[in-house]
1. Restricting attention to the stretch 81-123, and to residues there that are of a type in the set (Phe, Trp, Tyr) and either assigned by TED's automatic domain parsing to the domain that holds LYS317 or surrounded by 24 or more Cβ atoms within 10 Å (Cβ to Cβ) (or both), which single residue is farthest from the ligand (Cβ to nearest atom)?
2. Can you name the residue in the stretch 129-144 that is part of a strand (DSSP E or B) and farther than 27 Å from GLU391 by Cβ and, of all such residues, is nearest to the ligand (Cβ to nearest atom)?
3. Hey, which of the strands (runs of 3 or more DSSP E) in the stretch 170-233, taking only ones fully inside, have at least 2 residues that are free of Cβ contacts under 8 Å to residues at least 60 places away in the same chain and surrounded by fewer than 19 Cβ atoms within 10 Å (Cβ to Cβ)?
4. Looking at SER248, is it outside the structural domain of THR97 (by TED's automatic domain parsing) and surrounded by fewer than 21 Cβ atoms within 10 Å (Cβ to Cβ)?
5. Return the residues of the stretch 35-53 that are over 18 Å from SER368 (Cβ atoms), in contact with a Gly (Cβ under 8 Å, 6 or more places away or on another chain) and touching a residue at least 40 places away in the same chain (Cβ under 8 Å); say none if nothing qualifies.
6. Looking only at the stretch 145-160, count every residue that is among the polar types (S, T, N, Q) and within 12 Å of the ligand (Cβ to nearest atom) and tell me the total.
7. So, PHE362, is that one among the aromatic types (Phe, Trp, Tyr) and within 16 Å of the ligand (Cβ to nearest atom) or not?
8. Output the number of the condition that ALA14 fails; it satisfies all remaining conditions of (1) in a helix (DSSP H, G or I); (2) without any contact (Cβ under 8 Å) to a residue 60 or more places away in the chain.
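The values are calculated or read from the model by the stated rules, or taken from the named source; none is laboratory data. Bear in mind the structure is a predicted one, so any value in this text is a computation, not a measurement. A quick note on method: Cβ atoms are made from the backbone with ideal geometry, for glycine too, and the neighbour counts reach across all protein chains shown.
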Amino acid sequence: MEALLNQAITDLKALHSFTDNELGILDMVDKAAEEIAVPELEHYLKHELNREGIEIAKKFGIIGIPIAKEYGGLAAGTLITSLTMERLGQMGMGFGTFYDVQVLLGALTIQRWGTEMQKQKYLKPAAKGDKILAFGLTEPEAGSDPASMKTTYEAQGDKFVINGSKYLISNGSIADAMILFARSKGDKSGISAFIIDTKSPGFSVSMRLEEKIGLFTSDTAMLEFNELEVPKANLLGELGKGMRVAYSALLNGRIGIASGCIGIIDGSLNAAIERARERKQFGKPIGRHQLIQRHIAEIRQNLEMARWPTYFAAIRKDAYEKDLSNQALLKEIDLQSALAKKIASRLAFESADHAVQVFGGFGYSLLSPAGRLFCDSRVTRIYEGTDEVQELKIASSVLGDDFRAFD
Ligand SMILES: Cc1cc2nc3c(=O)[nH]c(=O)nc-3n(C[C@H](O)[C@H](O)[C@H](O)COP(=O)(O)OP(=O)(O)OC[C@H]3O[C@@H](n4cnc5c(N)ncnc54)[C@H](O)[C@@H]3O)c2cc1C
């Protein structure tokens, strides 16, 4: 796989001065991705989790990229983490989804909202990859409208007792711990976030979703909580303020998924170029036929259109990290990350479709990179906020809060 991160780094130099440390991290990401891609392909074809990929990521230390050094990470910022997601996305979103949930929705959320005890117990091992994390917001009847969730918690002495279920949870059946959202029983104090241990009595995996149309190396599960006891010390953030925790995680996640989508576009472009040079029809490489060149030009344009809103969101997010009380900046990156995800995910889907067309019949197979990228690209328009939810966010930012069409 040809790595396009070098091109991204060169182009980004106009906007960001990379330190030697950052360049060293990205070089390591490149090496890790090259190694992960080998078992990723094997497991993708067998429709099973890429456990070796997780071990390789641990070996290279890339799971802790945005985590503070005192918790075992490399203390890099959003842009470097985004470029990591971009590099992983070049091979599809199976491993990228593991990484996004483990790092952006999981570890970074504990870093932002966790107590010192929570950081020592959960963040430190998660940054090394020794604890796998999941993020449980969605329920069978609460997807785009998570505030309508039915999972409940009730305070009992020094514990909370949780009952309910979560659905479509990435890393759900392999997680050691998860960030779980639940509403107060009787709705007295709203939604709260908790860190739960998946070994706790009352936690069970009721189903693993095997029949997906992509992401074959990513674990997706439905989870049940039956009188699950959580120590009060595991409340994440303030009681009743769980949606603030969820929204901050999803903001990171939107930039992460948009970055993975740039990787899908990179991967589609590389695959289409290679095929167009090698495959011959009518006595010449198909790349010499002008209609094939159009597909390649479209993907190249998509790459350009997806990159800049995403890089801009990542750079502004880094500015916000240095100024967490700046509400105007938070509003700006909330919009910018929605724009980036909406634009990049649609363009990733379209680019993988162009690559399938360049491949012809072989493109309609998981044996071709184009086929795999096509299957993985579809979910990026659904998870961590659907296209429609991003559109509502974008429209209300333009029309004003009085026109807000969702909560
Ligand atoms: C592979 C995979 C992995 C996932 N991983 C996780 C995870 O780790 N953790 C987690 O919590 N969730 C996860 N999800 C869930 C994902 O975030 C939800 O599927 C997504 O938020 C949409 O919710 P829904 O599926 O219930 O669709 P619905 O909310 O039922 O939406 C159905 C359709 O209606 C549209 N719609 C809904 N409301 C409106 C509105 N007000 N205006 C216009 N259109 C609207 C939607 O955009 C969509 O097109 C995952 C999903 C998948 C497929």
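1. We begin by selecting, within the stretch 81-123, every residue of a type in the set (Phe, Trp, Tyr); these are 95, 98-99, 113, 122.
Adding the requirement that they be either assigned by TED's automatic domain parsing to the domain that holds LYS317 or surrounded by 24 or more Cβ atoms within 10 Å (Cβ to Cβ) (or both) leaves 95, 98-99, 122.
Values: PHE95: 13, PHE98: 10, TYR99: 12, TYR122: 17 Å.
Across the stretch 81-123, the extreme among qualifying residues is TYR122.
2. Within the stretch 129-144, the first condition is being part of a strand (DSSP E or B), and the residues that meet it are 133-136, 139, 142.
Narrowing the set further to residues that are farther than 27 Å from GLU391 by Cβ leaves 133-134.
Working: LEU133: 10, ALA134: 6 Å.
Of everything passing the filter in the stretch 129-144, ALA134 is nearest to the ligand (Cβ to nearest atom).
3. Working: elements: 177-184, 191-197, 203-208, 220-231.
The qualifying strands (runs of 3 or more DSSP E) are 203-208.
4. Numbers: outside the structural domain of THR97 (by TED's automatic domain parsing): yes; surrounded by fewer than 21 Cβ atoms within 10 Å (Cβ to Cβ): yes.
Answer is yes for this residue.
5. Filtering the stretch 35-53 down to residues over 18 Å from SER368 (Cβ atoms) leaves 35-36, 39, 48-53.
Within this subset, residues satisfying the condition of being in contact with a Gly (Cβ under 8 Å, 6 or more places away or on another chain) are 36, 39, 50.
Of everything in the stretch 35-53, those that are over 18 Å from SER368 (Cβ atoms), in contact with a Gly (Cβ under 8 Å, 6 or more places away or on another chain) and touching a residue at least 40 places away in the same chain (Cβ under 8 Å) turn out to be ILE36, ASN50.
6. From the stretch 145-160, those among the polar types (S, T, N, Q) are 148, 151-152, 156; that's our starting set.
From what is left, the residues that are within 12 Å of the ligand (Cβ to nearest atom) are 148, 151.
Residues in the stretch 145-160 being among the polar types (S, T, N, Q) and within 12 Å of the ligand (Cβ to nearest atom): 2 in total.
7. Values: among the aromatic types (Phe, Trp, Tyr): yes; within 16 Å of the ligand (Cβ to nearest atom): no.
When the stated conditions are applied, PHE362 does not pass them.
8. (1) is the only condition that ALA14 fails.
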